[in-house]
Ligand code: GLN
């Protein structure tokens with residue numbers, strides 16, 4: 001049962017061919033079988049999930065047909081759910097119990113979902129391999145010597161290993177799409193403002209978005225239908241008429257114009273990835289898409305701009321973790337300042353400290369204009385490059401990541417090479433656009449993700465093209 005897609009399991013539940021309790025039991029059996037080696041979960045809620053499943057069964061019996069009724073899903077551990085531990089895979093939040101529920105999580109619950117647990121991530125979502133988790137290493141289900149990507153590595157691995165039917169992740173610079181690419185699942189970062197961020201532990205507020213990781217494009221669309229919508233609790237939430245994101249999935253893409261970004265298919269991209277992307281391009285052409293190459297000159301500055309904007313915002317957002325209100329309290333300090341300092345020195349890991357220092361420096365008096373302000377200007381140029389391209393194309397295409405999943409330890413001591421794994425995903429966050437990663441083939445036995453990006457709030461069309469790519473590429477999911 002756990003091997004089915006969300007859509008398939010939901011159809012069995014709705015037809016009465018199975019029960020939510022049986023489905024949930026099947027998922028937990030898989031979790032207990034796979035977790036010793038995959039280690040995607042930080043918390044497992046078996047008893048609560050079975051209670052939710054039984055309640056769902058009562059409602060199913062009465063004929064209720066909520067969109068996720070009885071479907072087991074999991075959450076990245078930077079999303080609040082009342083009464084559960086929310087750690088962000090950081091020592092500083094160990095033992096912190098959420099006193100409220102994120103809007104996106106509440107929407108899953110209101111749609112009838114069963115929550116199986118919380119998933120590993122790079123500490124505070126900072127990283128691209130999940131190796132920055134202070135708790136555990138998550139393995140890539142395709143090759144357990146390889147990383148699952150990050151920062152939503154637990155979410156991508158859990159979906160790939162059939163340890164849930166879908167998961168919520170967060171994406172600040174690629175954290176949904178890049179791990180989805182590494183683990184051979186679908187990852188969607190919605191337009192900034194489409195999904196409420198209320199209750200997501202903030203990393204870089206002008207870039208963060210919550211989105212689904214799923215087994216198929218259609219499953220991602222089903223989840224987005226539930227997640228999207230205005231929320232007064234998030235001041236950046238946007239009021240839009242609701243859309244059915246599954247509506248265009250089976251429509252052909254005859255005549256759709258797609259731009260390939262020259263800079264993201266050149267020398268910085270591994271040859272084996274490039275080859276798979278070329279095959280995917282051919283598959284889209286075969287379905288009638290018109291594909292042309294374009295240049296995005298501002299992209300060469302995207303990584304630098306991102307690491308100024310993201311670290312600046314992180315340095316401000318993470319100031320709240322002082323050992324007083326949340327989590328870890330340093331013992332034995334004689335005064336309050338020493339207590340703050342010790343709590344932060346003991347609680348944060350090395351990558352988080354690096355980012356706080358970089359961001360604090362970038363925002364400091366006398367440097368603001370040279371760094372933060374300049375980065376914001378680069379951001380405008382990137383937005384303009386996309387706007388130009390998307391004025392004449394329906395979508396832009398690139399690999400999601402320049403490489404397939406790499407081995408544990410390969411990049412942890414070289415932050416710059418780690419940061420480069422997000423070269424294709426970061427510009428999308430800087431521009432606030434929707435982006436999706438669809439698995440499109442294997443290179444050296446590991447999945448390659450195709451990234452598609454559309455105009456803001458054009459998720460319907462984005463998903464339509466993504467579904468065509470999925471049909472054309474015949475990617476087979478792994479089943480552990
Ligand atoms: N890997 C990028 C970083 O380390 C993006 C992380 C994210 O999207 N949360 O900042």
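Only the coordinates and a few stated rules stand behind these numbers; no lab work does. For clarity, every value in this text was computed on a predicted model and none was experimentally measured. With ideal geometry, Cβ positions are generated from the backbone for all residues, glycine too; neighbour counts draw on all protein chains shown.
Taking only the Cα atoms of region 1-101, the radius of gyration and Dmax are 15.0, 46 Å. Rounded to the nearest 500, the 222 nm mean residue ellipticity of the chain from helices alone is -12000 deg cm²/dmol, with -39,500 (n - 2.57) taken per DSSP H run of at least 4 residues. For region 158-209, the convex hull drawn through the C-alpha positions has a volume of 84 cubic angstrom per residue. Seen from all directions on average, region 384-460 presents a Cα convex hull projection of 6.0 nm². When peptides 432-439, 238-245, 354-361 are ranked by their average number of other Cβ atoms within 10 Å per residue, the highest-first order is 432-439, 354-361, 238-245. Along its principal axes, region 247-309 has C-alpha extents of 41, 29, 18 angstrom, given from the largest down.
For region 183-235, the gyration tensor built on C-alpha atoms gives an oblate shape. Its axis ratio a/c (a ≥ b ≥ c) is at least 1.5, and a/b is not larger than b/c. The ranking of 246, 172 from fewest to most other beta carbons within 10 Å of each one's beta carbon is 246, 172. From least to most packed, judged by other beta carbons within 10 angstrom and beginning with the fewest, 88, 183, 146 follow the order 146, 88, 183. In terms of Cα atoms, the Rg and Dmax of region 337-477 work out to 19.3, 59 Å. The relative contact order of the chain, computed from alpha carbon pairs under 8 Å that lie at least 6 residues apart in sequence, is 18 percent.
Would region 194-333 count as rounded, prolate or oblate if I go by the C-alpha gyration tensor, calling it rounded below 1.5 in a/c and otherwise prolate when a/b exceeds b/c, oblate otherwise? Since a/c reaches 1.5 but b/c is at least a/b, the shape of region 194-333 is classed as oblate.
For the chain, state what percent of all Cα-Cα pairs lands in each successive 20 Å bin, counting from 0 Å until the bin that includes the largest distance. Over the chain, the share of Cα pairs per 20 Å bin runs 26, 59, 14, 0 percent. Exposure proxy for 123, 470, 293: other Cβ atoms within 10 Å of each Cβ, ordered fewest to most, give 293, 470, 123.
Can you give the translational diffusion coefficient of region 180-272 in µm²/s, computed by Stokes-Einstein from the Kirkwood radius over Cα pairs at 10 °C and 1.306 mPa s? Using the Kirkwood radius from Cα pairs, D works out to 101 µm²/s.
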